[in-house]
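I have placed the structure first, in the form of C-alpha cells, so that the comments after it can refer back to it.
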Amino acid sequence: MLLKTLSVASLCSLFVLIFIGGYVSASGVGLTCPHWPLCPAGLVPTNEFIIEYFHRSVAATTALLVIVTMAFTLRSKSTPSGMKMSSMIASGAAIGQISLGAAVIVERLHATLVTTHLGLGLVMFSMTLITTMYAYKLPREDTKKRIRLPEPK
C-alpha cells in the first residue's frame with residue numbers, strides 16, 4: 001500500500017512539474033532567477049522570482065519523492081526486478097534533471113540543454129509511470145497475511 005501511495009504521489013508531482021516547467025519555458029521566465037540553486041533573495045522569494053522559485057521547489061519535492069519511492073522499492077522483497085529497475089532509472093533521471101536544470105541556468109537557457117532537460121523529464125515520467133503500474137500489480141499486504149498454509153501432520 002505504501003509503494004502505491006508513494007509511486008502515485010511521485011507520478012502526480014512529476015506531472016504537475018512538467019506543466020510548471022512548460023509554463024516557465026513558454027512564458028520566458030526561466031532566467032528571472034539567474035542564480036542556482038537559490039534566487040538572489042535566498043530562501044524567501046520575492047515577487048519577481050516566484051514562478052521560477054516555485055518550479056525549483058516542486059522539482060526538489062518531486063526528486064525527493066522519486067528517490068524515496070526507489071528506496072522503498074529496493075527494500076521490498078515482493079517487488080519484481082522490472083519495478084526495481086524502472087525506479088532506479090527514474091531516480092537517476094531525477095538527479096540528472098537537477099544537474100541539467102542547474103546547467104540550463106548557468107548556460108543562460110542554451111537550446112540544446114533545455115531540449116535535453118525536457119527529454120530526460122519524459123524518460124523520468126515514463127519510468128515513474130512504469131513503477132506505478134508495477135505497484136498496482138503487487139499483491140495487497142493484508143492478502144499475504146491472510147494466506148496460511150496448513151499445519152504439517
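The values are calculated or read from the model by the stated rules, or taken from the named source; none is laboratory data. Please read all numbers here as calculations on a predicted model, not as lab measurements. We place every Cβ from the backbone using ideal geometry, glycine too, and count neighbours over all the protein chains shown.
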Next item on the list: Go through the residues of segment 112-134 one by one and say whether even a single one is at negative phi, loosely packed, with under 15 Cβ neighbours inside 10 Å and of a type in the set (Val, Ile, Thr).
Entry: yes
Note to self: Need the failing condition index for THR73 against (1) closer than 23 Å to LEU120 by Cβ; (2) without any contact (Cβ under 8 Å) to a residue 40 or more places away in the chain, just the number.
What the structure shows: (2)
Check: When VAL16 is evaluated against the numbered criteria (1) over 17 Å from ALA59 (Cα atoms); (2) within 14 Å of the chain's Cα centre (by Cα), which criterion, by number, is the only one it fails?
Finding: (1)
Next item on the list: Looking only at segment 22-35, decide whether some residue is modelled with pLDDT of 90 or more and of a type in the set (Phe, Trp, Tyr).
Entry: yes
Notebook entry, point to check: Of the residues ILE105, ILE95, ILE67, ILE89, which single one is of a type in the set (Val, Ile, Thr), surrounded by fewer than 22 Cβ atoms within 10 Å (Cβ to Cβ) and within 15 Å of VAL24 (Cβ to Cβ)?
Noted result: ILE105
Item checked: Considering residues of segment 52-78 that are of a type in the set (S, T, N, Q) and modelled with pLDDT under 95 only, the residue farthest from the chain's Cα centre (by Cα) -> SER78
Margin query: Of all residues being modelled with pLDDT of 95 or more and either in contact with a Pro (Cβ under 8 Å, 6 or more places away or on another chain) or of a type in the set (S, T, N, Q) (or both) in segment 81-108, which is nearest to GLY21 (Cα to Cα)? Just the residue, please.
Written below: GLN97
